[in-house]
Amino acid sequence: LTSLNVKNNNIVITADPAFSLIPSDNSNVFTQENIPEGEKYFAVSLREWKGHEKNFIPATAKLCDYVNKKYGYTPIIIPMHKKLDMAVCKKLKSQISCKSYLVEGTYEANDIINLIENCEFSMGMRLHALIYSLSVGTPVLGLSYDPKVDSVLDSFKIDSKCKVTDIDEATAMK
């Protein structure tokens, strides 16, 4: 704002309000999505990124299969913006070989936070999925497509990130 010569003493820099949300106590996402409770999961949140789907969707699918095989964690794919993300999330699910779940219902943010809190870790592009993870202490792997994602991860000193433009099958396994 300073570089735009905006002068207003009422401007305050603050954190994203998503950091103040808390998980619901009795989330029914697992039940409604037919996801068995008591297993180990990891959350995946992608968005469309024009020009890069050719590489990053197959690479992310291979990474999901690798995590499942090596650690026994099952991916739960969460489209944070249903209208914008569902197609890319369905495409990802179709390319994952292991058992996986796609959240198809519409839920309150607190319910999604509860779901993420019950995962071993989360990886994703969607800023609010990463914020939800950070707010409940779920480890994250950021798939960076925008400086805002880098900025949030950097502010938490999170080094586990990869630029979407760099993702291919070889880098997904590193």
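The values are calculated or read from the model by the stated rules, or taken from the named source; none is laboratory data. The structure displayed is predicted, hence computed values, not measured ones. All Cβ positions, glycine included, derive from the backbone under ideal geometry; neighbour counts span all protein chains shown. Surface areas here come from the heavy atoms of the whole protein model, side chains and all, with no ligands, DNA or RNA. Shrake-Rupley method; radii C 1.70, N 1.55, O 1.52, S 1.80 Å.
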Test for Y66: is it aromatic (F, W, Y), out of contact with any strand residue (DSSP E or B) (no Cβ under 7 Å at 6 or more places or on another chain) and in contact (Cβ under 8 Å) with a residue 12 or more places away in the chain:
yes
Here is a list of conditions, (1) within 19 Å of S144 (Cβ to Cβ); (2) modelled with pLDDT of 85 or more; (3) in contact with a helix residue (DSSP H, G or I) (Cβ under 8 Å, 6 or more places away or on another chain); (4) open to solvent by less than 20 Å² (accessible area, probe 1.4 Å), and A18 meets all of them except one; can you say which number that is?
(2)
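Checking the conditions here, which among I78, I112, I57, I35 is open to solvent by less than 20 Å² (accessible area, probe 1.4 Å), touching a Phe, Trp or Tyr at 6+ places or on another chain (Cβ under 7 Å) and closer than 25 Å to D146 by Cα?
Working: I78 fails: touching a Phe, Trp or Tyr at 6+ places or on another chain (Cβ under 7 Å); I57 fails: touching a Phe, Trp or Tyr at 6+ places or on another chain (Cβ under 7 Å); I35 fails: closer than 25 Å to D146 by Cα.
The match here is I112.
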Among residues of the stretch 97-109, those that are more than 21 Å from G137 (Cα to Cα) and surrounded by fewer than 13 Cβ atoms within 10 Å (Cβ to Cβ), counted:
4
Looking at (1) at pLDDT 95 or above; (2) assigned to a loop (DSSP other than H, G, I, E, B), which one does G38 not meet, given that it meets all the others?
(1)
Since H128 meets every condition but one in (1) more than 22 Å from S24 (Cβ to Cβ); (2) in contact with a helix residue (DSSP H, G or I) (Cβ under 6 Å, 6 or more places away or on another chain); (3) open to solvent by 40 Å² or more (accessible area, probe 1.4 Å); (4) assigned to a helix (DSSP H, G or I), which condition does it not meet?
(1)
Exactly one condition in (1) part of a helix (DSSP H, G or I); (2) closer than 23 Å to K40 by Cβ; (3) at pLDDT 90 or above; (4) not acidic (D, E) is not met by K90; state its number.
(2)
If you scan the stretch 86-96, which residues turn out to be buried (at least 19 other Cβ atoms within 10 Å of the Cβ) and closer than 16 Å to M125 by Cβ?
V88, C89, L92
Residue tally, condition open to solvent by less than 30 Å² (accessible area, probe 1.4 Å) and within 17 Å of I113 (Cα to Cα), over the stretch 135-151
3
